[in-house]
Amino acid sequence: MALARNIACLVILALTACSSDPAPGPTEQIIVREPGAAPVQPVAVIGDPASALVAEGKAVFANCSACHAVEQDAPNGAGPNLFGIFGKPAAEVSGFSYSDALQASGIIWTTAELDGYIANPTAKVPGTTMVSGAIEDAAKRAAVIAYLESSMAN
């Protein structure tokens, strides 16, 4: 009898665990403002793929921030400040001492060039001093690049 009761309890517990509520759907954002006040712009639209990609890039870039800054006029660290690098030649950030290899690379920082460099810096520019921080995952690289591009717009 005790065995049957224990089995019944286990079945009930197992069924209870399986009946959790489904994930909540999108929520509506309501903005309240005083009459006559300027309209308030939401920070991000829920479900906006571009915002989600930039947010993911910011999270991934947290590892890079040990060496690199991305804010305008922030000082260089162990790596150069990456603010506004798109369209600029490699090794052009003022006040940073670059490797001879990167100075001679002739790279203009485009999305494709940055993607290749972040994937494997030493393969892209043999002799570079950036020997750590490679991001193998293509989706994470795309997110970091989107974040860097968005930082130029802010």
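Quick check: anything in segment 70-77 touching a Gly at 6+ places or on another chain (Cβ under 9 Å) and either open to solvent by less than 100 Å² (accessible area, probe 1.4 Å) or at pLDDT 95 or above (or both)? Outline the logic, then answer.
Applying the first criterion (touching a Gly at 6+ places or on another chain (Cβ under 9 Å)) to segment 70-77 yields 72, 75-76.
Then keep just the ones that are either open to solvent by less than 100 Å² (accessible area, probe 1.4 Å) or at pLDDT 95 or above (or both); that gives 75-76.
Within segment 70-77, one or more residues are touching a Gly at 6+ places or on another chain (Cβ under 9 Å) and either open to solvent by less than 100 Å² (accessible area, probe 1.4 Å) or at pLDDT 95 or above (or both).
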Taking the criterion of being in contact with a helix residue (DSSP H, G or I) (Cβ under 7 Å, 6 or more places away or on another chain) and modelled with pLDDT of 95 or more, would at least one residue in segment 92-106 satisfy it?
no
Would you tally the residues in segment 68-91 being among the β-branched types (Val, Ile, Thr) and either more than 26 Å from residue 139 (Cα to Cα) or out of contact with any helix residue (DSSP H, G or I) (no Cβ under 6 Å at 6 or more places or on another chain) (or both)?
1
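Let's see how each residue does on (1) in contact with a Lys or Arg (Cβ under 8 Å, 6 or more places away or on another chain); (2) assigned to a loop (DSSP other than H, G, I, E, B); (3) free of Cβ contacts under 8 Å to residues at least 60 places away in the same chain; (4) crowded, with 18+ Cβ neighbours inside 10 Å:
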position	(1), (2), (3), (4)
81	no, yes, yes, yes
85	no, yes, no, yes
94	no, yes, yes, no
116	yes, no, yes, no
122	no, no, yes, no
129	no, yes, yes, no
140	no, no, no, no
150	no, no, no, no
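The values are calculated or read from the model by the stated rules, or taken from the named source; none is laboratory data. Just so you know, these numbers come straight off a predicted model, no measurement behind them. No Cβ is skipped: glycine too gets one built from the backbone with ideal geometry, and neighbour counts run over all protein chains shown. Note: accessible area is taken over every heavy atom of the protein model, side chains too, but ligands, DNA and RNA are not part of it. Shrake-Rupley method; radii C 1.70, N 1.55, O 1.52, S 1.80 Å.
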